[in-house]
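Comments concern the structure below.
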Amino acid sequence: MSIDMKQFHSVFFEESQEHLDEMEHLLLDLNTDNPDAEELNSIFRAAHSIKGGSGIFGFDALGSVTHIMESLLDNVRQKKLAITSSMVDLFLSSVDVLKGILESYKSAREIDWTNVNKICERLEQVTKAREVAVTNTSATNDLEGFGFFDEPEKPDAAFGFFSDPIVSSQEDAYGFFDAGDSSALIQNNNEYEINSQQSQQCSAQNIPAKDNKIINLPISSAGTSVHPSESSLTQVVPKIKAADVTHGENSSIRVDVTKVDQLINLVGEIVITQSMLNLIGQRIEGALGEKFQSVAAELERNTREIQEAVMSIRMLPISFVFNRFPRVVRDLSAKLGKSIDLIIEGGDTELDKGLTEKLVDPLTHLVRNSIDHGIESAEMRTGRNKSATGTVILKAAQQGGSIVISITDDGGGLNRERILSKAREQNITTSENPTDAEVWQLIFAPGFSTAEQITDVSGRGVGLDVVKRNVQSLGGRIDIESVEGVGATFTIRLPLTLAIVDGMCVSVGDQTFIIPLVNIVESMQPLEKDIKSLAENDQLLFVRDQYWPILPLYKAMQVEPQFTEVHRGIAVLIEANKHRFALFVDGLVGQQQVVIKSLEQHYKRVQGVAGATIMGDGSVALILDVESLSISTTQPQLQQAS
Amino acid sequence: MAEAAVKQKDQEFLTFTLGNENYALDILTVKEIRGYESVTKIANAPAFIKGVINLRGDIVPIVDLRIKFSVGDATYDEFTIVIVLHISNRIVGIVVDGVSDVVSLSKDQLRPPPDFGVTFDSRYLLGLATINEQMIILVDINELISSEEMGLFSSQETT
């Protein structure tokens, strides 16, 4: 009776991918002069895990590469071999090859054995050239053992069934239990505690790795054979276990994204049904009505809580996206011969999983742009009294209902004159005296590039318009700030895709629209004397010493209104990003929580509309996208509110 | 041999009327048939896109083929029919004058579509068939609904 191993393949692929990502991350962080023992162990264990699994499934290409890596890494962490920066480069290249092999196995494609053999050769060269002494005879045996089990490693066969390979915890003993003294043990473990708390910039993946060590100890003491310091271990175990509860890697489960999406949909339906119930309940009279109302209020509270909890399931910290950038920056700076410092802030800002995946390409492009075009060469920089090392800051933060991601560089900034002359060359029309902000937006035009040379990194003028389109398709905006000679900042603003929004319902004619509450400053019935006219049908509302451009919603949405004179309707003062205007509607209907339903799922994106919702009576109401509405007003000079 | 048998197998079509003509579309694309209810208008949409409705939680666009192809009278009363279709993972509703039977047609009952004189561009037509002496125009509803001129789906959107 043979077990069909294929069902375990996807778990193996996912876990291996994680191991490879972790290896890459740790290798980049590694201090070659004084490598952290823990990090070396983690890298070793990651390679070891992949090797073990690849043996079970017969993924020989994976096995052969990880096997040699593992031996090398083992020697490094046992201090038999010193790690150099070129070795780190070799390991990083190996990780790349492994990722490629993994892809090939995943999509059942041919393995490029020339690549595999090449990297194995390079790894073996390093092994042979630097071998001090081979104390472990099993190391030489293993060179022939590609893909076959070695006896002591049998527990690895449990790949995917147990959370950690049990054997490696014994190897963890090296260097920790040499003292055999329990006080030294406790001291070491306390250090761990401090380390994992101090690692602010660690990715979510990193933290579990460090905790692996702490978790391993209980497992090994629970299960296996004679180890001299085992007895001293048991004393420490309870302490470790207790302290560990806070970041338990065990306390997570893999869930298919479609299941989560289904849950979110169902919760959305519950919210709608609950508001329908509310509507009916308001018509019940007397004591029964009151009872109903209070229970309905309770239901609304519970529903809101479920909804928030369920939405947070899909939220991932943005560090998942930011994690790849140290590698990108490292490779790019090496390629271009520039020295770059990458600072990442706000990695724990959470956003919806769907967004994280779509952000990778635009962000990568912007970072590469900053490094290629923004940051000047070292000579130019010192000539400008800047440090020879350029700085790129990748930052994420939550601001109200949006998430703001910015890429700042301290390079040369955008060159206004060059952009304007290029725009003229390409016959792109600009206004008479454009503001800086308008000039910067020109670079998003398709085919636009002021690069003097096209490198294979950038300069072709293909990327930025795609970036802008990608950002807009996520419902976001991208802004640029730049000071010549000092640097530039690209800011991406995305709406947090919380499917439920607090909105103000307004009516125009026989249609109801929803305005997100976050954008509303106030609503008022304007006096006729406060309404001033500008040329050509435009009007302004004078409120407390400020002029607000009036945008009639019936015009934007092409609906027959009840009122066409502003003073007979309601003016809702809106602030969206940097734009302010007064939205003229017929009347206010009420305030309520609405579930955002996608318009694009079955139709397409409509300017000025963020989505739709289903009202309590089953009818559809459109949710306004105030930012794109503001863009459609024909008053550019008034849009920029100070 | 089984393959030949499958090829001979009849395909089922839903027949509907637009103006004075009879059309038919692949029954497998039909999700449901409903009456015409209050539609929420969408700004800046062409006249034949009436707006969207709530179909048990999904926001579904409604297209009036009578307006799009200028046939018949685009009236909306209790007899107006909306055929809700499933087209490439999306749901779309089309307004028609009425629906009739579901018919089974085999390949050899189909005649090639003419190049002129028909409301629809011939690339949207699968062919012509005759049932009870009536001419039925078979529409490739997938092609039609996904086409650029319907403008229902955003293929490459440039803002």
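Readers should treat all values here as calculations from the given coordinates under stated rules, not as data from a laboratory. As the structure is a prediction and not an experimental result, all values here were calculated from the model. Cβ coordinates were reconstructed from backbone atoms using ideal geometry, including for glycine residues, and neighbour counts include every protein chain displayed.
Here are some notes:
- Summarising the amide proton neighbourhood of A:Gly503: residues at separation of 5 or more, or on other chains, whose placed amide H is nearer than 5 Å comprise A:Leu517, A:Gln592, A:Gln593, A:Val594.
- Note on B:55-62: average number of Cβ atoms from other chains within 10 Å of each residue's Cβ is 5.
- Listed from fewest to most Cβ neighbours within 10 Å, the set A:Phe490, A:Phe584 follows the order A:Phe490, A:Phe584.
- Peptide B:30-40, shielding by other chains (average Cβ, 10 Å cutoff): 2
- Footprinting exposure proxy ranking of A:Ser628, B:Ser147, fewest other C-beta atoms within 10 angstrom first, gives B:Ser147, A:Ser628.
- Within chain B, the longest segment free of exposed loop sites, counting GluC sites (Glu not before Pro) that fall outside DSSP classes H, G, I, E and B and have at most 16 other Cβ atoms within 10 Å, spans B:79-132.
- Residues A:Arg304, A:Arg605, A:Arg424, sorted so that the one with the fewest Cβ neighbours within 10 Å comes first: A:Arg424, A:Arg304, A:Arg605
- Maximal additional length on extending the A:His567-A:Ser294 stretch stands at 94.4 nm, based on 0.36 nm per residue less the C-alpha distance.
- Rounded FRET efficiency, nearest 0.05, which uses the C-beta distance separating A:Gln398 from A:Leu527 and R0 of 35 Å: 0.35
- Environment charge at B:Asn142 (Cβ cut-off 12 Å; Lys +1, Arg +1, Asp -1, Glu -1): -1
- Residue-count net charge about B:Asp26 - beta-carbon cut-off 9 Å; Lys, Arg +1, Asp, Glu -1: -2
- Under a 5 Å amide H cut-off, with hydrogens placed 1.01 Å from N, B:Gly127 pairs with B:Leu138 among residues at least 5 apart or on other chains.
- Residue by residue along A:599-612, Cβ atoms of other protein chains within 10 Å of the local Cβ number 6 on average.
- The distance between label points at A:His9 and B:Asn20 comes to 6.1 nm (points 7 Å beyond Cα on the Cα→Cβ vector).
- Computed label-point distance, nm, for sites A:Ser619 and A:Gln262 using a 7 Å Cα→Cβ extension: 3.5 nm
- Cross-link table A:Lys99/A:Lys335; A:Lys597/B:Lys68; A:Lys468/B:Lys41; A:Lys578/B:Lys68; A:Lys422/B:Lys41; A:Lys335/A:Lys358, entries beyond 31 Å C-alpha to C-alpha: A:Lys578/B:Lys68; A:Lys422/B:Lys41
- If the segment from A:Leu28 to A:Arg418 were pulled out straight at 0.36 nm per residue, it would be longer than the present Cα-Cα gap by 136.7 nm.
- Sorting A:272-282, A:385-395, A:21-31 by average packing, meaning the other beta carbons within 10 Å per residue, from highest down gives A:21-31, A:385-395, A:272-282.
- Cleavage-rule hits, GluC sites (Glu not before Pro), segment A:246-351, DSSP coil, Cβ neighbours within 10 Å at most 16: A:Glu285
- Residues whose amide H lies under 5 Å from that of B:Tyr36, counting only those 5 or more places away or on a different chain, are B:Thr80, B:Val82; hydrogens are built 1.01 Å from N in the peptide plane.
- Modelled FRET efficiency - R0 22 Å, A:Glu345 with A:Ser312, Cβ distances, 0.05 increments: 0.50
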